[in-house]
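Inspection log for the structure reproduced underneath, given as structure tokens.
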Amino acid sequence: MSTNGSVFDRARALFLHYAEPLDLERRYPGLELHKRLTSPDKIIAVRLSLQKDDGTIRVYDAFRVQFNDDLGPYKGGLRFHPQVTLDEVQALAFWMYIKTAVVNIPFGGAKGGITVDYKSLSLAEKERLTKKFAIVLANDIGENTDIPAPDVNTGPREMAWMSHAWRMTRGRYHRGMVTGKPLHLGGSEGRVEATGHGCATTLLEAARDQGVDPHGAKLVVQGFGNAGRYAAVELAKRGAKLIIASDSRAAIHNPDGLDVDALIAFKDRTGSVAGFPGSRPIDPGEVFVAPCDFLVPAALEDCITAEIAPKIQAKIIAEAANGPTTQDAVHILFKRGITVVPDVLANAGGVTVSYFEWVQNRQEYYWTRDEVIDRMNARLANAYRQIADRAKEEKTSLRQAAYQCAIERVVRAALERGAQ
């Protein structure tokens, strides 16, 4: 399978590769299911003009892609970053609808973004730009249509701005029109740590299957951001020992283990893991190939390549990031017998708790953090079990089993709703 082409082309090729054994065209002739399942329902591309504090006008490209609502309303994050492209947004919306189907929650996929150096804007400029995007999208988003959430450079603050602008435009107060909100505006307990916690939950399920005791297991986290740090916290509670952590500025090592809570506090204070007391710096290239039991890639796409895969010494990899492993590397790792918990399952904790937030908003009845986390763990563990059982029975990877479970769920919904 080719790994060339755009991000979306590669995402679509991956889908078709895993859909091939399902033989959809033969089982359902004349319905063009492959095209239906790999083409976005709607692409919104707009120009946003922002008046800066100094009175000048800047113009930015902005996008929202809605991808397959056979299972329910579109769902997906908003990223404000200079490198946002329509191609990337399409791919991420595509992966989101697969992810929601993997964990069997009633959402489709969506993604949005603005091509902007968001960090360089003043607070007032950020608010004006975010609210203008919400106003432009007002007829295309909502709790029964398309539900945005935070992503790169966005968070509870931006979701509160989006909610307010949408309410002022539509004249209705629907808390569930966005998720990832501040708690006092209808956000959910447990949302901040959900992605990392869910990654740890699925990794521990895989460890149980592989007979790997987490107590004393050596852990490596590449990308000590939100997902990476909370995965480390949960695994440390089970006795795992964090020996290597990295971020965009540095990689550090301590064979006796890094104190996870102290490292989090240090990074929050300094902005990086660099110089953490009791650690030594290592080359970032060593992070993936170090001997360990658990490897959690929690940063960039395509960082585990065909060149790196033969050198990896981890027993289990859990993908907290989106698409951290190239397809060529996926095949190498599978042949080597290294278990990979794929991103569409390992990082689905975030969208699962977003779903819980949406449910709580619709009921206006809110759960405790323990209730949220327990429900998330149960859903992810159940999804892992179904996928692992299928992978074992069909002698495939967890990734292939996950995709096939998701594809079959969406196909079933599409056919039951009617093929038109």
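Please treat every number below as a calculation from the coordinates, not as lab data. Predicted, not measured: the structure shown is a model, and the values here were computed from it. Backbone-built Cβ (ideal geometry, glycine too); neighbour counts: all protein chains shown.
Across the stretch 244-251, coupling constants 3J(HN,Hα) worked out from phi with the 6.51/-1.76/1.60 Karplus curve, θ = phi - 60°, read 9, 9, 9, 9, 5, 10, 6, 10 Hz, and Gly and Pro carry x. Among beta bridges identified by DSSP and lying wholly in the stretch 41-185, the antiparallel ones come to about 65 percent. The overall shape of the stretch 321-420 is oblate: from the C-alpha gyration tensor, with semi-axes ordered a ≥ b ≥ c, the ratio a/c is 1.5 or greater and a/b is no larger than b/c. Pairs from the list Lys99/Lys241; Lys315/Lys392; Lys311/Lys335 with a Cα-Cα gap above 19 Å: Lys99/Lys241.
Calculated over the stretch 1-120, the projected area of the Cα convex hull averaged across directions stands at 9.2 nm².
By how many nm would the segment from Gln83 to Arg157 lengthen if fully extended, with 0.36 nm per residue of separation less the alpha-carbon distance?
Working: separation 74, 0.36 × 74 = 26.64 nm, distance 2.17 nm.
Additional length available on full extension: 24.5 nm.
From its DSSP helices (H runs of at least four residues, each -39,500 (n - 2.57)), the chain gives a residue-normalised ellipticity at 222 nm of -13500 deg cm²/dmol. Straight-line reach from Lys395: taking Cα to Cα under 17 Å and skipping same-chain neighbours fewer than 8 places apart, the aspartates and glutamates in range are Glu20, Asp209.
Listed by chain and number, the lysines whose alpha-carbon sits under 28 Å from that of Lys126, ignoring those within fewer than 8 places in the same chain, are Lys42, Lys52, Lys75, Lys111, Lys181, Lys267. For Leu242, the residues whose amide H sits under 5 Å from its own are Leu219, Leu258, ignoring neighbours fewer than 5 places away on the same chain, with H placed 1.01 Å from N.
About its Cα centre, the dipole of the chain is roughly 600 debye, where the only charges are +1 on Lys and Arg Cβ and -1 on Asp and Glu Cβ.
Farthest toward the positive end of the dipole of the stretch 194-346, out of Ala206, Pro291, Ala250, is the Cα of Pro291, where the dipole comes from beta carbon charges about the Cα centre. Applying the Karplus relation 6.51 cos²θ - 1.76 cosθ + 1.60 with θ = phi - 60° to the stretch 61-76 yields 3J(HN,Hα) values of 7, 9, 9, 9, 10, 10, 10, 6, 10, 4, 9, x, x, 5, 8, x Hz, where x marks Gly and Pro. Here the label points at Glu408 and Ser122, each 7 Å from Cα along the C-beta direction, are separated by 5.8 nm in the simple model.
Arrange Tyr74, Tyr355, Tyr365 by Cβ neighbour counts within 10 Å, fewest through most, would you? Numbers along the way, then the final one.
On the way: Tyr74 29, Tyr355 24, Tyr365 8.
By the 10 Å Cβ count, ascending: Tyr365, Tyr355, Tyr74.
The equivalent ellipsoid of the stretch 194-346 has semi-axes of 22, 17, 14 Å, largest first, where each one is the square root of 5 times an eigenvalue of the Cα gyration tensor.
How big is the chain by the Kirkwood estimate over distinct Cα pairs, in Å? Kirkwood radius, the chain: 22.0 Å. Between the listed residues Ile57, Ile105, Val152, the Cα displaced farthest toward the positive end of the dipole of the stretch 41-185, a dipole computed from Cβ unit charges relative to the Cα centre, is found at Ile57. Think of each Lys and Arg Cβ as +1 and each Asp and Glu Cβ as -1; about the Cα centre, that makes the dipole of the stretch 41-185 roughly 440 debye.
Could you give the dipole magnitude of the stretch 194-346 about its Cα centre, charging the beta-carbon of Lys and Arg +1 and that of Asp and Glu -1, in debye to the nearest 20? Working shown, then result.
Numbers: 14 positive and 18 negative charges, 61 e Å.
Computed about the Cα centre, the dipole is about 300 debye.
What the phi angles of the stretch 366-375 give under the Karplus curve with 6.51, -1.76 and 1.60, with θ = phi - 60°, is a coupling list of 10, 9, 6, 4, 4, 5, 4, 5, 4, 5 Hz, glycine and proline written as x.
Do me a favour and compute the ellipsoid semi-axes for the stretch 41-185 from its Cα gyration tensor, root of five times each eigenvalue, largest one first, whole Å. If you can, show how the numbers build up before the last one.
Values: eigenvalues 117, 59, 33 Å².
Gyration-tensor ellipsoid for the stretch 41-185: 24, 17, 13 Å.
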